[in-house]
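Below is one structure; the comments refer to it alone.
The values are calculated or read from the model by the stated rules, or taken from the named source; none is laboratory data. For clarity, every value in this text was computed on a predicted model and none was experimentally measured. Note: ideal-geometry Cβ built from the backbone for every residue, glycine included; neighbour counts use all protein chains shown.
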Amino acid sequence: MKNIIFRILTYCKPYQKYLILTILCTLAGVSLSLVVPVLIGTAVDDTIGVQNVNFTGLGRTAILLAGTILLSAIFQWLEALFINRLAFGTVKDLRSELMAKLEEMPISYIDSNPRGDLIARVIPDIEILSDGLLQGFAQLFTGIVTILGTLILMLTVNIKITVLVVIMTPLSLIVAGKIAKLCHSSFQRQSASRGEMGALTEEFVGNQKLVKAFAYEQRAEERFAVMNQELSEAGLKATFFASVSNPATRFVNNLIYVAVGTVGALGAVGAFPWIGVMSVGKLTSFLAFANQYTKPFNEISGVVAELQNAFSCAQRVFEVLDADSEPDDSDHEVLETCKGELEIRNIKFSYTPDKPLIRDFSMHASAGQKIAIVGKTGCGKSTIINLLLRFYEIQDGEILLDHVSTKQYTRDSLRQQFGMVLQETWIFTGTVAENIAYSKPDATREEIEQAAKAVHAHGFIKRLPEGYDTVISDNSGLSQGQKQLLCIARIMLRKPPMLILDEATSSIDLRTEHRIQRAFEKLMQGRTSFIIAHRLSTIRNADWILVMQDGNITEQGNHDMLIAQNGYYAELYQSQFAG
Amino acid sequence: MQKLLKFLKPYKLELILGPTLKLLEAIFELLVPKVMANIIDYGIARQDTGYIARMCGLIIILVICGMCFALTCQYLAARCAFRYGADLRSALYQHINKLSCTELDRLGTSTLINRITNDVTASQTGVNMFIRLASRAPFLIIGAIVMVFLKDPQIALIFVIVALLVGLLLYFVMQKTIPLYSENQKKLDQIARHTGENLDGVRVIRAFSRQKQEVRKFSDECADLEQSMLAVGKISAILNPVTFAIINLGIVAVLWFGGIHVNAGALSQGDLTAFTNYMTQILLAMIALANLIVVLTKAQASSLRVAEVLETESTMQDGSEEINLNNFNNPEEFAIAFQQVSFQYENAGACALTEINFELRRGQTLGIIGGTGAGKSTLAGLICRNYDATVGEIRIFGKNIRDYQLNSLHHAIGYVPQKAVLFTGSIAENLKWADADLTESSMQKVLEIAQASEFVNALPQGAATHLVQGGRNLSGGQKQRLTIARALAGNPEILILDDSMSALDYATDARLRTALREEYPDMTKIMISQRATSLMHADLILVLEDGHCVGMGTHEALLASCEVYQEIYRSQMQENKKGAEI
């Protein structure tokens, strides 16, 4: 807890000046606002009764009061401005840092953490932290200053009644604490219920067309209603318990008010000589103080919950920031270009230690060769790509590029040597041109169009409402095949020395595939390329074919050799063209 | 917005009683300073300890009643809000179920999900807060004005002026900030989307070494958001200090003019104390209200979004007839017939399908082939009546498709989507989507026909195996086979396979087709594929290109006459031939 607060403060450092100004303004604003009831008391004391009002005194106090009020208001205003700068600035930095951290995290981290959870850390968690900083800190600080200030003022008026007030305040804290405990479990049930509801909605509404196709609406509504009822009940409980807190503490505060009033009044009458005689004006001020003194306790109990929430969110953010990044490799050699001779020597790799995947894998590809990898889903084909591009690091053995271990180079410069098209297309929100030029940001429009024409995407792009300037996103209505074409166009634009095509044309119809085949062939000429596909026609022309089973190569050779071998490859090939 | 008020109607009791109790609490709370004023004026002035003690007892009673009122109000508020929320959520979901695909496309599913979850919750919170807190400040102000008016109408004028000024301030700040808040929300959404895209594309980003640019772009977006938040902050920052100043300056005025009245004997010192106390209470209530404004404006914006969905009416009219094949005996009648059918998606520039004609008898198989974006899935969607044809008529089992009840139509059709989507739950539960009463033996049978029984039975828990959302723990081919089994489980009259065998190897594909032909001779089948070999044996093949039918007939006829089909077939047969040579 302490560490988290300290850590949050380190993020506030660039905004130190605002932090200090906030504190100063709060001190000034709150202190001045505390003087207000004192002055009101003085004013009341000047108005004793008929023909007994001291107008000069009242006038002076009124002017003083007005000045105090205005000054206090100005300081409160400045405080709000400064704390905004502090909170929003800190949040901006934290978010940017978090994103920078995610970009240098090992891929395994991103693969193994649910996407929604990571987004939650960047967006709502930081949002809650921001609210906590803004309201929590401000109210906590204001509250503390108010309590201390009022205490001092009350002491100057009457020590004994002050002691009475101080003794009674823990009462409201105890009440608030008890209620908070009651709330906690209901809130947990509510958020669990809300999560389930969200998941159900996402599944059903997200696949609404299927729900319709199966005429499943009614049953879906029934399931929805059950969960809705649960959520409603859990929510009702949690919200009601939480809302008890305010009236309950207000009740306790009112009791304190009554106690002060009674004792004070009796004191004024002289019934309690040990208290001392108080003027009516003093009693008025004191009552106001008692009110003012107890209020922050209320607020602080609310703020503590909010701060706790903010801290637990901060912790989730720090968890990401504290995770291990990919090791720094800026002192490694930068690979400018390569010939493309690749050798894999006895590598070993597994995602989880208890499930060995690749045990002993070796292969060699001369520069410009076309290597195809064939095998069932889950046999480790895509893992080879992860290892070649060092998205994951091999656990034993080595990968040599032009006879040098790829570990000698910076990861970035190594990856730049590969052009990669994956089965899962990635289109970001931006124009078509921006999406194609992702591989080469300084590409001219002409180059972009050339690349699009090469993969036969120019036609459908032209038909889009604004052609190359149409803003697209992953779910903006492009078909899977069209998205794949755009991803291939990226590679056409860049022309890196080596290529990796992982089911790159799986969603493109055969006719179009045949049309872009020529462009592909041209691109692959002289480039070492790795092709993963389930259409054997794409594979047959490869210089070397690797057949993988359970993380190991079981057969290798060119097409004719493998067919002659009459093993798994031959079986696979026959089955594809059997019928 | 009117639409949503309807949902509050059943909770009239809570809506009236809740604020009434709040009003009573406010009155009781206002009485406390009044009684205290009496203590000062009479108790202290007359040195009457008995009076003081009695009055203090009265205050305690007032305070206890006040708390009871408040607690009841909180409960009523929560009950009203949560039941309203539940009703609204259910109604919204049911309404979405009634929308046709045209409206679903227009609204977008992600928005709809958001509206059911987040927006309904925000609207519900708004109702809760409104009953609990928003009514408090106006009541306190009105109550205070009334109390003061009874004592001293001139001082009451000060209260009125203060209330008006604070009201104006609130209005001004809300009017300025609400649009800005929603703009900020949009910016935050954009940052969220960018984050998601970065996670999805992590491999591509790193392969192109674009991390630095991505971080810079992201930082720019964050800085932009910071600037807009500061801009709103600047406006909303004036709210509390100015309220503080207005009300406290009001107190100064009350003291000055009150002093004059006290001097004249119209007012007592105790009254003056009570007046200042009222002001302080108004201030506290106003500050609570100001903090609420953000919640209430968010609730209002959310409610509008929910209302927008509820106001969207389905453009599709349901028919009245049920599909009954007992009357469908004439072998000369068609199971499916398209007559000059054209279709254009809403807001699309061109037709997705143009003048499609074909006729298919019961038990026949239709193959649809064509390139990416040719309109194959659109055609399948028309048979499911996801959309109505823009021009022309679609007839199913001898009647216009629009005459049938959608429910009955969907029961008669088994649809296998292009993207193999399965739902959270066991395999068996997924298979029961089409038929809730599916027996164990029928389940085994459809699994077998869909070539899925082998792998399902190999699972440790068989058909009881739990599928994680979307069936992520299965391979693509396994998922496809289960979606086929799911469609067959409903024993449909028409089966639509929308390119749903793409992840199957050729041998499994062939076995599946044979099984379908043999087990379901009466089932009318529509197969969409990119493999000519998969469709070769179909009774009728439709070749689509850019929404036009460029060829129709059997495999042999098309091979002889249709250029596009020849091209498709040749490109695939080249492979076959080469394969056969070896």
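Brief remarks follow.
- For segment A:366-422, a residue qualifies if it is under 23 Å from A:ARG494 (Cβ atoms), among the acidic types (Asp, Glu) and within 14 Å of chain B (Cβ to nearest Cβ), and exactly one does: A:ASP412.
- Within segment A:229-247, not a single residue is crowded, with 20+ Cβ neighbours inside 10 Å, in contact (Cβ under 8 Å) with a residue 24 or more places away in the chain, in a helix (DSSP H, G or I) and among the basic types (Lys, Arg).
- The one condition in (1) within 14 Å of chain A (Cβ to nearest Cβ); (2) more than 28 Å from the chain's Cα centre (by Cα); (3) buried (at least 21 other Cβ atoms within 10 Å of the Cβ); (4) in a helix (DSSP H, G or I) that B:PHE455 fails to fulfil: (3)
- Yes/no for B:ALA538 being of a type in the set (A, V, I, L, M), within 14 Å of another protein chain (Cβ to nearest Cβ) and either buried (at least 23 other Cβ atoms within 10 Å of the Cβ) or in contact with a helix residue (DSSP H, G or I) (Cβ under 7 Å, 6 or more places away or on another chain) (or both): no
- Residue match in segment B:332-346 (condition: surrounded by fewer than 20 Cβ atoms within 10 Å (Cβ to Cβ), part of a strand (DSSP E or B) and of a type in the set (Asp, Glu)): no
- Evaluation of B:ASN263 against the conditions (1) surrounded by 17 or more Cβ atoms within 10 Å (Cβ to Cβ); (2) out of contact with any helix residue (DSSP H, G or I) (no Cβ under 8 Å at 6 or more places or on another chain) shows that the sole unmet condition is (2).
- Every residue from segment A:82-97 that is closer than 15 Å to A:GLN135 by Cα and hydroxyl-bearing (Ser, Thr, Tyr): A:THR90
- Beta carbons closer than 8 Å, at least 6 apart along the sequence or on distinct chains, pair a first residue in segment B:440-453 that is on the phi > 0 side of the Ramachandran plot with a second that is among the β-branched types (Val, Ile, Thr) and in a helix (DSSP H, G or I) for B:GLN451/B:THR508.
- In segment A:492-508, the qualifying residues are those that are under 28 Å from B:ALA374 (Cα atoms) and surrounded by fewer than 23 Cβ atoms within 10 Å (Cβ to Cβ), and the one that is modelled with the highest pLDDT is A:LEU493.
- Helices (runs of 4 or more DSSP H) wholly inside segment A:135-228 that include at least 2 residues being β-branched (Val, Ile, Thr) and either more than 14 Å from chain B (Cβ to nearest Cβ) or within 30 Å of B:ASN97 (Cα to Cα) (or both): A:138-157, A:159-206
- Test for A:ALA265: is it part of a helix (DSSP H, G or I), over 23 Å from B:THR111 (Cβ atoms) and more than 7 Å from every other protein chain (Cβ to nearest Cβ): no
Each row is one residue, and each column tells you yes or no for (1) touching a Leu at 6+ places or on another chain (Cβ under 9 Å); (2) charged (D, E, K, R).
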residue: B:GLY259; (1), (2): yes, no
residue: B:ALA266; (1), (2): no, no
residue: B:ASP271; (1), (2): no, yes
residue: B:ILE293; (1), (2): yes, no
residue: B:GLU308; (1), (2): yes, yes
residue: B:GLU321; (1), (2): no, yes
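- Qualifying positions in segment A:336-384 - modelled with pLDDT under 90, touching a Leu at 6+ places or on another chain (Cβ under 8 Å) and either of a type in the set (D, E, K, R) or farther than 25 Å from A:MET561 by Cα (or both): A:CYS338, A:SER350, A:TYR351, A:THR383
- The helices (runs of 4 or more DSSP H) located wholly in segment B:49-155 that include 1 or more residues which are without any contact (Cβ under 8 Å) to a residue 12 or more places away in the chain and over 16 Å from the mean Cα position of the chain (by Cα) occupy B:49-98, B:136-151.
- Annotation note: of B:ILE44, B:ILE61, B:ILE39, the sole residue that is more than 22 Å from B:GLN300 (Cβ to Cβ) and touching a Cys at 6+ places or on another chain (Cβ under 9 Å) is B:ILE39.
- Here B:ILE427 qualifies as in the same structural domain as B:MET523 (by TED's automatic domain parsing), β-branched (Val, Ile, Thr) and under 21 Å from A:PHE214 (Cα atoms).
- Cβ pairs under 7 Å, 6+ apart, first in segment B:499-510 and assigned by TED's automatic domain parsing to the domain that holds B:MET527, second among the acidic types (Asp, Glu): B:MET501/B:ASP509
- Looking across B:ASP224, B:ASP220, B:ASP119, one residue alone is surrounded by 20 or more Cβ atoms within 10 Å (Cβ to Cβ), of a type in the set (D, E, K, R) and under 30 Å from A:TRP426 (Cα atoms). It is B:ASP119.
- Some residue of segment A:92-109 being facing another protein chain (nearest Cβ under 9 Å) and among the basic types (Lys, Arg): yes
- Pair list, Cβ under 6 Å, 6 or more apart: segment B:337-365 residue more than 23 Å from B:SER100 (Cβ to Cβ) and of a type in the set (Val, Ile, Thr), other residue in a loop (DSSP other than H, G, I, E, B) and modelled with pLDDT of 85 or more: B:THR365/B:ALA538; B:THR365/B:ASP539
- Test result for B:ASP437, among the acidic types (Asp, Glu), surrounded by fewer than 18 Cβ atoms within 10 Å (Cβ to Cβ) and touching a residue at least 24 places away in the same chain (Cβ under 8 Å): no
- Residue within segment A:478-498 that is without any contact (Cβ under 8 Å) to a residue 24 or more places away in the chain and not acidic (Asp, Glu) present: no
- As a summary of the residue check, A:SER285 satisfies the conditions (1) among the polar types (S, T, N, Q); (2) outside the structural domain of A:ILE147 (by TED's automatic domain parsing); (3) at pLDDT below 80 except for the one numbered (2).
- Filter pass, A:GLU127 being in a helix (DSSP H, G or I), over 29 Å from A:GLY195 (Cα atoms) and of a type in the set (Asp, Glu): no
- Segment B:465-502: number of residues that are closer than 19 Å to B:ILE528 by Cβ, part of a helix (DSSP H, G or I) and not polar (S, T, N, Q): 10
- Test: residue in segment B:430-448 that is aromatic (Phe, Trp, Tyr), assigned to a loop (DSSP other than H, G, I, E, B) and out of contact with any strand residue (DSSP E or B) (no Cβ under 6 Å at 6 or more places or on another chain): yes
- When B:ILE282, B:ILE260, B:ILE247, B:ILE251 are checked against the criterion of being at pLDDT below 90 and either more than 8 Å from every other protein chain (Cβ to nearest Cβ) or closer than 22 Å to A:VAL280 by Cα (or both), B:ILE282 stands alone in meeting it.
- The residue list B:ARG362, B:ARG395, B:ARG402, B:ARG385 contains one member that is in a helix (DSSP H, G or I) and in the same structural domain as B:CYS549 (by TED's automatic domain parsing), which is B:ARG402.
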